[in-house]
Amino acid sequence: MAENLDLTLVRMMGERLERFGVEGVLRSELLRGMWEGAGGEQRAVVLTRLAWRARGAEVRHRATHDASRLALWAVREAAAWHASPALADVAFRLPCGQLARIPAGVQWEAAVRLLVAVRSGVLPPAPWRCAVCGIERDLQVRSYECGSGPGRDELRCVVCAGLPADPEEIPEAVDARWRRLPRGPAESC
């Protein structure tokens, strides 16, 4: 029965994607509610199925936020599994334990990205918005080093790229001046 729910969810996501595009799927309260209401095991099955189908997708963009990093990881895991002769007889499965630590909303966005990759053959980029102010133009990738493991990349606009990584380090005068800058209707949200 659970497998039928997984297939139904993927089918509904695909139909919504064809009609309304990526943003239409991401904004669908019904689909998001179904996703969040499904158990961690069901979400892992859907992500596994989509990652396996998208394993040959081309990666043109850097992963710059959590959902795009999860989608990229899932695609690479499936591709490595597919290429390994030692794993040929074992069914591919993303580890449910690792996915359980990731919020359902991030998994949802990653699933939508994987679905797009299945349909188009290209893993879509992260939302091209500044991670600080949300503006969608003049973006740069800013990399941060981490104490252990890989660093973190995020997109920032020209103004925000000059700000320190830690919001606590932003001088009050800069913050006050930034709030007074005129913004367009799309940027005032």
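When R43 is tested against (1) among the charged types (D, E, K, R); (2) open to solvent by 40 Å² or more (accessible area, probe 1.4 Å); (3) modelled with pLDDT of 85 or more, exactly one condition is not met: (2). Screening A38 on (1) closer than 30 Å to A131 by Cβ; (2) open to solvent by 70 Å² or more (accessible area, probe 1.4 Å); (3) of a type outside the set (S, T, Y) shows it passes everything except condition (2).
Among the residues of the stretch 75-116, write down those that are more than 19 Å from R32 (Cβ to Cβ) and aliphatic (A, V, I, L, M). Explain how you work it out, then say what you get.
Kept after step one, since they are more than 19 Å from R32 (Cβ to Cβ), are these residues of the stretch 75-116: 75-98, 101.
Of everything in the stretch 75-116, those that are more than 19 Å from R32 (Cβ to Cβ) and aliphatic (A, V, I, L, M) turn out to be V75, A78, A79, A80, A83, A86, L87, A88, V90, A91, L94.
Would you point out the residue of the stretch 68-95, among those that are under 24 Å from G21 (Cβ atoms) and open to solvent by less than 40 Å² (accessible area, probe 1.4 Å), that is modelled with the lowest pLDDT? The qualifying residue modelled with the lowest pLDDT is S68. Here G21 meets the list (1) at positive phi; (2) more than 17 Å from the chain's Cα centre (by Cα) almost entirely, failing just condition (2).
With the condition kept exactly as written, say whether any residue in the stretch 131-149 is at positive phi and at pLDDT below 75. Taking every residue of the stretch 131-149 in turn, at least one turns out to be at positive phi and at pLDDT below 75.
Which count do you get for residues in the stretch 150-172 that are open to solvent by 50 Å² or more (accessible area, probe 1.4 Å), modelled with pLDDT of 70 or more and among the hydrophobic types (A, V, I, L, M, F, W, C)? Qualifying residue count, the stretch 150-172: 2. For the stretch 96-112, the criterion of being open to solvent by 60 Å² or more (accessible area, probe 1.4 Å) and not in a helix (DSSP H, G or I) is satisfied by at least one residue.
On the stretch given as the stretch 69-94, residues that are of a type outside the set (A, V, I, L, M), in contact (Cβ under 8 Å) with a residue 24 or more places away in the chain and not in a helix (DSSP H, G or I) total 2. When the criteria are applied in full, L9 fails the requirement of being open to solvent by less than 70 Å² (accessible area, probe 1.4 Å), under 30 Å from V141 (Cβ atoms) and of a type outside the set (G, A, S).
The values are calculated or read from the model by the stated rules, or taken from the named source; none is laboratory data. Computed from a prediction, not measured in an experiment: that's the story for all the values here. Cβ atoms come from the backbone with ideal geometry, glycine included; neighbour counts cover every protein chain shown. SASA here: full protein model, heavy atoms, side chains in, ligands and nucleic acids out. Shrake-Rupley method; radii C 1.70, N 1.55, O 1.52, S 1.80 Å.
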